[in-house]
Amino acid sequence: MATYPTLKLRIAGDWRQRPGAPVHNPLDDSVIGEVPYATRADLDDALAAAVEGQRIWRRTAPARRAGIMREATRLLRDRADAIAAAVTLEQGKPRAQAKVEVLRACDIIEWDAEEGRRAYGRVIPAEPGMRHIVLREPIGLVAGFAPWNFPVSSPTRKVAGALAAGCAIILKASEETPAGAMHLVEAFIDAGVPRGVLQLVFGVPSEISEYLIPQPDVRLVTFTGSVPVGKRLSALAGAHMKPAIMELGGHAPVIVCDDVDVESAAALSATVKSRNAGQVCVAPTRFYVDDAVHDRFADAFGETARAVRVGDGLDPATQMGPVANPRRLEAMQRLVADAVARGARVLAGGERIGNRGCLFPLTVLADVPDDALAMHEEPFGPLALISRTRDLGEAIAKANALPFGLAGYAFTHSAPRVERLSEELEVGNLSINHLVASVPETPFGGVKDSGYGREGGSEGLACYTVTKNVSHLVG
Ligand code: NAD
């Protein structure tokens, strides 16, 4: 049985219910809950509690913080099946993938918790009697904004980073997928995170960001979402001299050379593309395939894609659920129609399934001209675009032609090609011969319009700290 929880805000040590907006199941458009919207008084309360929470958490020993964080992962693992079901209901992804998301969130929390114990400073040599000591201190209260594509693991990146570094955080998670974030926060609260250290709000996104970001007590802004909103929030943060972590969109290129097992690369690509119905900022999207192997790659990709079972994420046989909202459905239909009108060939999918909900099949287009809208606009859905390239130079040039620079992938066994790709691809994360963009211990983030700052790895944790240099002349 899949049940959807009663949604609440977490403010100043209480769970609060408020009127808000309906939450829909993207499978059939049914209403499954109501997300509460924080009032202005709720936000004032959250801020006051966060200031006190920040004072307490900063002075909590890193080992104690790590202990509470590990306890939260124990609770999340115990509750993973129920959390996964709620995520499937609100977001659409298959339940097995939702459970993997919860478990991945636990891995992130554990890694950050342990890394928080290693936020070492430095002692810099100086003349006799002088000590220069570099301290790494928690940056202070964080305002975190998380999107709907990963209702659990995206907020986790922000919450785990902040808590591990000794920062309090006010999280505004997605109003479209609120249960994942609520379950996450609940696990931390049940694990013993003190009052005011971790709070959860929902509301009109622009009203909350415009309230929180200018507050003098907020010392860091972290946002995952679209490039236009990221630019707006980073401008607001800049106007108030707040540093920001911006994890924005991508349009990941995949360069397929002629020296690999093409059929395996194509099958893997189709499978990975189907995950979360392609609504992943690092999803492989533009496939630049060497002319010598293009047709074999396209055939194998189309064949695997056509076999992907699309439907209700609660059915164990389903491999891909609906896209998460009508905006994504509209985007898929618009981008496919435009590409086909410009001469692209449909190798799989292409048309909406049924006339209720947001089911759209894994769609593969070949011979997609460079001027097709989909080649520029992030599809953020189950759409793969295959193009023929003459050589590696042309593939790299096309890969770099967009303003995005988040993930990039390549398939080749040639050491010189790997060297060239590593040097020339303009991305924050490059994976070769596999399609995993990041793990908890590696830094994840973009270049160009894909944003700045990192999540994960020691680089990610560093974003939640500031360095203070203390020079001490003895005697
Ligand atoms: P959108 O631009 O309307 O919103 C993107 C996210 O930002 C949402 O979570 C939304 O709640 C939030 N948001 C919007 N305005 C805000 C504001 N003023 N203050 C704070 N938060 C705000 O787009 P959408 O239709 O929800 O998603 C579509 C696009 O967003 C996709 O095409 C994709 O490019 C991008 N996206 C990226 C990621 C990612 O992981 N980087 C995740 C979700 C969406």
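The values are calculated or read from the model by the stated rules, or taken from the named source; none is laboratory data. From a predicted model like this one, the values you see are computed outputs, not experimental measurements. Counting neighbours? That spans all protein chains shown, and the Cβs are built from the backbone with ideal geometry, glycine included.
If you check every pair at least six apart or on different chains, which have Cβ atoms under 6 Å apart with a residue in the range 118-131 that is in contact (Cβ under 8 Å) with a residue 60 or more places away in the chain first and a residue that is loosely packed, with under 11 Cβ neighbours inside 10 Å second?
Here the result reads Gly129/Leu473; Gly129/Val474; Gly129/Gly475; Met130/Leu473; Arg131/His472, each pair linking the range 118-131 to a residue that is loosely packed, with under 11 Cβ neighbours inside 10 Å.
Of the residues that sit in the range 401-415 and are in contact (Cβ under 8 Å) with a residue 40 or more places away in the chain and in a loop (DSSP other than H, G, I, E, B), which one is surrounded by the most Cβ atoms within 10 Å (Cβ to Cβ)?
Checking each candidate, the answer is Phe404.
What single numbered condition from (1) surrounded by fewer than 23 Cβ atoms within 10 Å (Cβ to Cβ); (2) on the phi > 0 side of the Ramachandran plot fails to hold for Val293?
(2) is the only condition that Val293 fails.
Kindly list the number of the only condition in (1) within 16 Å of the ligand (Cβ to nearest atom); (2) without any contact (Cβ under 8 Å) to a residue 24 or more places away in the chain; (3) more than 27 Å from Ser438 (Cβ to Cβ) that fails for Met241.
The one condition Met241 does not meet is (1).
Which numbered condition in (1) surrounded by 20 or more Cβ atoms within 10 Å (Cβ to Cβ); (2) more than 18 Å from the chain's Cα centre (by Cα) is the only one that Thr156 fails?
Just one mismatch for Thr156, condition (2).
Return the only residue of Val262, Val229 being within 9 Å of the ligand (Cβ to nearest atom) and crowded, with 16+ Cβ neighbours inside 10 Å.
Details: Val262 fails: within 9 Å of the ligand (Cβ to nearest atom).
Going through Val262, Val229 in turn, the sole match is Val229.
Name the single residue, out of those in the range 271-281 being surrounded by fewer than 24 Cβ atoms within 10 Å (Cβ to Cβ) and not polar (S, T, N, Q), that is farthest from Ala96 (Cα to Cα).
Val280
For the range 143-159: of the residues being without any contact (Cβ under 8 Å) to a residue 60 or more places away in the chain and among the β-branched types (Val, Ile, Thr), which is nearest to the ligand (Cβ to nearest atom)?
Pass one, the range 143-159, residues without any contact (Cβ under 8 Å) to a residue 60 or more places away in the chain: 153, 155-156, 159.
This time we only want the ones that are among the β-branched types (Val, Ile, Thr), so: 156, 159.
On the way: Thr156: 13, Val159: 16 Å.
Taking the candidates together, the pick is Thr156.
Just need a number here: residues in the range 197-207 that are touching a helix residue (DSSP H, G or I) at 6+ places or on another chain (Cβ under 7 Å), of a type in the set (A, V, I, L, M) and closer than 16 Å to Val35 by Cα. Give the derivation first.
Kept after step one, since they are touching a helix residue (DSSP H, G or I) at 6+ places or on another chain (Cβ under 7 Å), are these residues of the range 197-207: 197-202.
Imposing the further condition that a residue be of a type in the set (A, V, I, L, M) reduces the set to 197-198, 200-201.
If we keep only those that are closer than 16 Å to Val35 by Cα too, we end up with 200-201.
Of the residues in that region, 2 qualify.
Any residue at all in the range 122-142 that is buried (at least 18 other Cβ atoms within 10 Å of the Cβ), of a type outside the set (Asp, Glu) and within 15 Å of the ligand (Cβ to nearest atom)? Write out each step before concluding.
Quick first cut of the range 122-142, residues buried (at least 18 other Cβ atoms within 10 Å of the Cβ) only: 136, 138-142.
So of that shortlist, the ones also of a type outside the set (Asp, Glu) come out as 136, 138-142.
Right, trim to within 15 Å of the ligand (Cβ to nearest atom) and you get 142.
There is at least one residue in the range 122-142 that is buried (at least 18 other Cβ atoms within 10 Å of the Cβ), of a type outside the set (Asp, Glu) and within 15 Å of the ligand (Cβ to nearest atom).
This table checks each residue for (1) more than 14 Å from Trp15 (Cβ to Cβ); (2) within 15 Å of the ligand (Cβ to nearest atom); (3) in contact with a Ser or Thr (Cβ under 9 Å, 6 or more places away or on another chain); (4) modelled with pLDDT of 95 or more.
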residue	(1), (2), (3), (4)
Gly161	yes, no, yes, yes
Ala165	yes, no, yes, yes
Ala173	yes, yes, yes, yes
Pro178	no, yes, no, yes
Ala187	no, no, yes, yes
Gly192	yes, no, no, yes
Leu198	no, no, no, yes
Gly203	yes, yes, yes, yes
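Residues that are closer than 30 Å to Gly357 by Cα: find the helices (runs of 4 or more DSSP H) completely inside the range 1-120 holding 3 or more of those. Quick ask: steps written out before the conclusion?
Values: elements: 40-58, 62-78, 80-91, 95-116.
It comes to 80-91, 95-116.
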